[in-house]
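The values are calculated or read from the model by the stated rules, or taken from the named source; none is laboratory data. These numbers come from a predicted model, not from an experiment. Cβ atoms come from the backbone with ideal geometry, glycine included; neighbour counts cover every protein chain shown.
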Amino acid sequence: MADAYVPRAEHRFTFGLWTVGNVGRDPFGEPVRAPLSPVAAVHLLADVGAWGVNFHDNDLVPIDASPAERERIVREFRAALAATGLVVPMATTNLFSDPAFKDGAFTANDPRVRAYALQKTMHAIDLGVECGATTYVFWGGREGSESDATKNPAEAIKRFREAINFLCAYVRDQGYALRFALEPKPNEPRGDIFLATVGAALGFIATLDHPGMVGLNPEVAHETMAGLNVLHAVAQAWEAGKLFHIDLNDQVPGRYDQDLRFGSVNIKQAFLLVKFLEDVGYAGSRHFDAHAFRTEDAAGVREFARGCMRTYLILKERAAQFNADADIQALLAEIHADDGAMAPFQGAYTAARAAALKAHPFDRAALGARGLAYERLDQLTIDLLLGVR
């Protein structure tokens, strides 16, 4: 029997060079896997069925590479893309690894660091576009502080705005078909990171010179590690028309940023997220920003990548099953029943509508007494996920 969970190009699954290329280093241990060249990573991802590959500038081109080295590396990388059929939907800049960015990049107190960050990002944008990227992500991993005595947060946000405005203007001036996506995270590696949540980023985007160019890249782990609800964050971004990209992984709440295989911890959360993306018709990349366990060798990395995509496809199938389940849909119809009695009070404000609503008698006791059957609905969801429906 054919495997129903084989990834295809239409699923738009992507991984970063930094994901399958992760060598397993952590703060307490040295690398356990050999580095993987960009060309080797492209072929690995093609072998496991991915659609695309994303990169930070220095994942592809070392920060100290000469112009000749850069041209050779990019030429070989693009040849691997052509040979495998993989695409590059997204690129980003590493503004967090180099010691120059220890106090931030766009929000650093030192104006020379801020200028260097802009220079580095313009070169990285050029590289991303050269390789085919149409989305450019900004994760401000060092844009923050350990002590608020060191940096005025209002001034930092102003600097951040000036940088994004500058880069939007650069992209427009170059004629690039590129959108920006901000990636919120509440903490780590800084003590506190600016624009920590989807809501904060949405508020920031509204203040930009070209807000239509800038959206969001929510990440499962970033929301979960702070105890937030990733589905709500993604839904808010979608409802605002700002879900430009998404990072899928998994995370135990309250832990450091684990970047676990998608769906490996919070299976109901993963299911509801997949269901939402599929139900609303999200057409962007399903990007897996995750790493294999440090216990794994090269074969284990392949299993990790396959597992991310396989779990998504299983949950996509379960979402279709949920939508077709007669008992679940009947219960949802009952929960959301509307007899039309409130129609006169719905819609935009008018003085007459407000007056009629103020005068309408409500049976408050009846409203409070009604059972909503949410326990049954949630258990039906669990039954479905556990394969007994």
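Here is how the numbers come out for the structure above:
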item: One residue from Ala240, Ala201, Ala221 being closer than 18 Å to Arg286 by Cβ and either out of contact with any Ser or Thr (no Cβ under 6 Å at 6 or more places or on another chain) or buried (at least 22 other Cβ atoms within 10 Å of the Cβ) (or both); result: Ala221
item: Looking only at the range 127-165, and only at residues there that are among the hydroxyl-bearing types (Ser, Thr, Tyr) and surrounded by fewer than 21 Cβ atoms within 10 Å (Cβ to Cβ), the one that is nearest to His222 (Cα to Cα); result: Ser147
item: Pairs with Cβ under 9 Å, 6+ apart, first in the range 249-264 and in the same structural domain as Thr224 (by TED's automatic domain parsing), second of a type in the set (Gly, Ala, Ser) and exposed (fewer than 14 other Cβ atoms within 10 Å of the Cβ); result: Pro253/Gly227; Gly254/Gly227
item: Filtered residues of the range 1-35 (kept if touching a strand residue (DSSP E or B) at 6+ places or on another chain (Cβ under 8 Å) and in a loop (DSSP other than H, G, I, E, B)); result: Pro7, Arg12
item: Residues that are surrounded by fewer than 20 Cβ atoms within 10 Å (Cβ to Cβ) and in contact with a Phe, Trp or Tyr (Cβ under 8 Å, 6 or more places away or on another chain), drawn from the range 53-86; result: Asp59
item: Test for Gly241: is it part of a strand (DSSP E or B) and within 30 Å of Arg159 (Cα to Cα); result: no
item: Sole exception among (1) under 21 Å from Ile267 (Cβ atoms); (2) more than 29 Å from the chain's Cα centre (by Cα) for Arg318, by number; result: (2)
